[in-house]
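Asker: Below is one structure. I have some questions about it.
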Amino acid sequence: MGFYRKNISDRQADVLAHYVDILGLDADAMEYFKAEEFIDDKGGPIDIAIFEPTESFGYYLATTAGLSAYRTSKNFAPVELFMILPPSWKTDFNRDEYYWPVEFLKDIAYNLIKTGKGIFPPQVYVCSDKKYLKGTDTIGAVLVFPEMTPLDLIEDKYDGIYTRFFQLVPINKAEKAKIDDVGVENYIKFDLHDAEGPQFVVKEPAIKKGVTALDKVIEHNEKNLKGK
């Protein structure tokens with residue numbers, strides 16, 4: 001994995017290789033974000049990787065790399081978490097609307113370790129009761145089985161222990177209220193599925209566009225046409 005392989009742990013390299021092998025992703029077409037916060041030296045950091053779309057898998061994929069080094073519960077297998085981003089997602093990570101999945105995955109991962117909560121679908125994770133990240137109205141996520149990927153993606157074995165790979169679908173405040181009303185299983189069944197199957201792709205960022213000179217001319221002409 002070139003540069004990345006020299007700067008990450010064996011487990012992190014194995015996790016990334018799992019996505020490459022199963023989904024046909026390209027390790028050389030990947031943004032890698034090293035964590036600044038360490039939980040302990042033994043487990044190591046939890047980094048975030050974002051793979052670019054390929055012919056085999058036409059979406060961006062953002063994943064934790066290192067979460068499975070921690071056993072959050074003796075009753076559940078170690079886990080890595082990922083989100084699927086639309087193919088139009090941009091790698092302009094200086095812009096909040098494209099960078100927020102990195103911070104969001106870190107927040108979820110570190111909170112799960114600190115709380116010692118077992119990780120298994122379906123579950124709802126809430127980071128805040130209001131928008132807390134710039135560039136998105138996401139306040140939490142629903143943990144689901146990765147229906148949009150091959151079945152082989154769900155698990156891999158490292159050091160004699162199976163690691164599970166589960167997907168997060170971000171939710172906003174209104175969606176959290178809906179889950180509270182109908183329950184998480186009904187929300188997944190009816191709100192995250194339609195006739196075409198699971199709709200687990202992260203929503204397109206809402207980009208606020210400034211008013212240009214052309215916009216002003218169009219607005220002026222429209223007012224004249226309407227007799228204003």
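Residue by residue, here is whether (1) modelled with pLDDT of 95 or more; (2) open to solvent by less than 70 Å² (accessible area, probe 1.4 Å) holds:
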{"position": "LYS34", "(1), (2)": "no, no"}
{"position": "ILE48", "(1), (2)": "yes, yes"}
{"position": "PRO53", "(1), (2)": "yes, yes"}
{"position": "PHE57", "(1), (2)": "yes, yes"}
{"position": "ALA62", "(1), (2)": "yes, yes"}
{"position": "SER68", "(1), (2)": "no, yes"}
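One line per residue, one yes/no per condition, for (1) acidic (Asp, Glu); (2) at pLDDT below 95:
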position	(1), (2)
VAL169	no, no
GLU175	yes, no
LYS178	no, no
ILE207	no, yes
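Asker: How do the pairs read when you match residues in region 121-142 that are over 17 Å from PHE76 (Cβ atoms) and open to solvent by 70 Å² or more (accessible area, probe 1.4 Å) with residues anywhere that are part of a strand (DSSP E or B) and not acidic (Asp, Glu), using Cβ under 8 Å and keeping only pairs 6 or more apart or on different chains?
Answerer: VAL126/GLY140
Asker: Name the residues in region 55-77 that are assigned to a loop (DSSP other than H, G, I, E, B), in contact with a helix residue (DSSP H, G or I) (Cβ under 7 Å, 6 or more places away or on another chain) and among the hydroxyl-bearing types (Ser, Thr, Tyr), would you?
Answerer: SER56, TYR70, THR72
Asker: In region 49-100, which residue that is in contact (Cβ under 8 Å) with a residue 60 or more places away in the chain and among the small types (Gly, Ala, Ser) is farthest from PRO198 (Cα to Cα)?
Answerer: ALA69
Asker: List every residue pair whose Cβ atoms sit under 7 Å apart, with the two residues 6 or more apart in sequence or on different chains, where the first one lies in region 171-187 and is closer than 14 Å to GLY140 by Cα and the second, anywhere, is among the basic types (Lys, Arg).
Answerer: Going by the 7 Å Cβ cut-off, the qualifying pairs are LYS173/LYS130.
Asker: Tell me, which residue of region 151-169 that is in a strand (DSSP E or B) and open to solvent by less than 20 Å² (accessible area, probe 1.4 Å) is nearest to ARG11 (Cα to Cα)?
Answerer: The qualifying residue nearest to ARG11 (Cα to Cα) is TYR158.
Asker: Shifting gears a bit: Looking at (1) in contact (Cβ under 8 Å) with a residue 12 or more places away in the chain; (2) among the hydrophobic types (A, V, I, L, M, F, W, C); (3) not in a loop (DSSP other than H, G, I, E, B), which is the only condition MET148 fails?
Answerer: (3)
The values are calculated or read from the model by the stated rules, or taken from the named source; none is laboratory data. Fair warning: this is a prediction, and the values are worked out from it, not measured in the lab. Methodologically, a virtual Cβ is constructed for each residue, glycine included, from the backbone with ideal geometry; neighbour enumeration extends over all protein chains shown. All accessible areas refer to the heavy atoms of the entire protein, side chains included, with ligands and DNA or RNA removed. Shrake-Rupley method; radii C 1.70, N 1.55, O 1.52, S 1.80 Å.
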